[in-house]
Structure formats: structure tokens, C-alpha cells
Amino acid sequence: MELQELLRIGTVTARNAEIMCCKVTFSDTFTNGVTSKDLPVLITRAHGDTYYDLPDIGSKVLCAFLPNGHEEGFILGSYYPKGKVSVMNDNIYLHRFNDGTYIEYDRKKHKLTASCIGDAVITAKGNLSLLADNINLVAKEKIELQANHKPRIGGEGKHV
């Protein structure tokens with residue numbers, strides 16, 4: 001296998017979420033596009049703690065192939081097309097979704113912002129603590145607080 005065949009740029013044309021793989025079409029050959037078999041996507045964590053994020057169909061990706069043929073390869077990652085970077089600030093971590101939902105952290109301002117287009121659910125099997133200098137709750141319709149607890153025996157206490 002020649003060196004130019006070890007690293008190739010292509011476009012994701014299919015996703016297989018069950019096995020964390022994608023098919024990639026390469027247009028860098030003399031033929032009109034060659035499509036790979038399912039290629040695993042390299043991620044930061046895949047054992048114990050896990051991370052899940054497949055590139056979208058249409059994403060440009062860099063693929064590496066082992067020297068024993070085009071059957072054994074990996075998607076190393078996707079990259080921004082020229083002029084399409086959404087944030088130009090190295091202090092910001094941003095995960096933006098197609099529907100407009102995003103999670104952003106600004107390291108310089110020490111500020112975390114999350115915005116969800118649909119419902120947001122936080123579940124804790126243990127305690128949930130909110131600690132802040134100020135807390136502002138705003139609801140367009142209603143705010144409902146519910147506590148399922150056993151009454152205290154022999155003690156005074158006000159229940160809200």
C-alpha cells in the first residue's frame with residue numbers, strides 16, 4: 001500500500017450507531033467515489049467511562065488505514081471546512097446541536113451556559129444541591145415543588 005493510501009479524506013455517507021461506525025465515500029481516486037465498509041470512529045473514551053458522538057452524514061473526515069489493505073481502518077475525526085468555524089475563541093468549549101441546543105463553557109469568564117430547545121431533565125439518585133449567590137427561577141406557566149417525606153416524630157418543624 002502506498003503512503004497516500006494510508007491517510008485519506010472522505011465524506012461520511014452512512015452511520016451505524018449500534019457499532020459506532022460510519023461508511024465514508026472517498027473521491028480522491030480515479031473512479032467516481034469509492035465507499036468504505038463500516039469504519040470505527042476513534043473517540044476519547046470507550047471502556048469504563050464512555051463517550052458517544054458520531055460524525056454527521058456529510059461531514060468531512062480524515063481516515064487512517066492499516067498497511068494490510070483498505071479493510072482495516074479508522075475515522076480519526078472530522079474537521080471544519082474552510083470558513084465554517086462557529087467560535088473563534090480559544091477560551092470557549094462549545095457543543096452545538098443542529099436543533100439549536102448548546103452547551104458552552106467560557107474558561108476566561110468561568111461561565112457555563114446551556115440552552116435546550118426541548119425538555120431538560122436532571123436526575124440524581126442521591127442528593128441534588130444548588131449553591132449560588134443568587135437563584136432566579138422563572139416559569140411561563142407554573143412552578144411545582146413536591147417533597148415526598150415521612151413526618152418527623154417528636155420534633156417541631158414547618159413543612160412547605
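A few remarks follow.
- Applying the criterion of being β-branched (Val, Ile, Thr) and in contact with a Phe, Trp or Tyr (Cβ under 9 Å, 6 or more places away or on another chain) to the residues of the stretch 88-123, the residue that is most open to solvent (accessible area, probe 1.4 Å) is ILE117.
- Selection from the stretch 89-107 of residues that are under 16 Å from ALA120 (Cα atoms) and touching a residue at least 40 places away in the same chain (Cβ under 8 Å): none
- So ASP28, is it within 16 Å of VAL12 (Cα to Cα), surrounded by 11 or more Cβ atoms within 10 Å (Cβ to Cβ) and modelled with pLDDT under 90: yes
- Lone unmet requirement of (1) touching a Phe, Trp or Tyr at 6+ places or on another chain (Cβ under 8 Å); (2) in contact (Cβ under 8 Å) with a residue 24 or more places away in the chain; (3) surrounded by fewer than 15 Cβ atoms within 10 Å (Cβ to Cβ); (4) farther than 22 Å from HIS95 by Cα for LEU42: (4)
The values are calculated or read from the model by the stated rules, or taken from the named source; none is laboratory data. As the structure is a prediction and not an experimental result, all values here were calculated from the model. Note that we place each Cβ from the backbone using ideal geometry, even for glycine, and neighbour counts take in every protein chain shown. Surface accessibility is based on the protein's heavy atoms, side chains included, excluding ligands, DNA and RNA. Shrake-Rupley method; radii C 1.70, N 1.55, O 1.52, S 1.80 Å.
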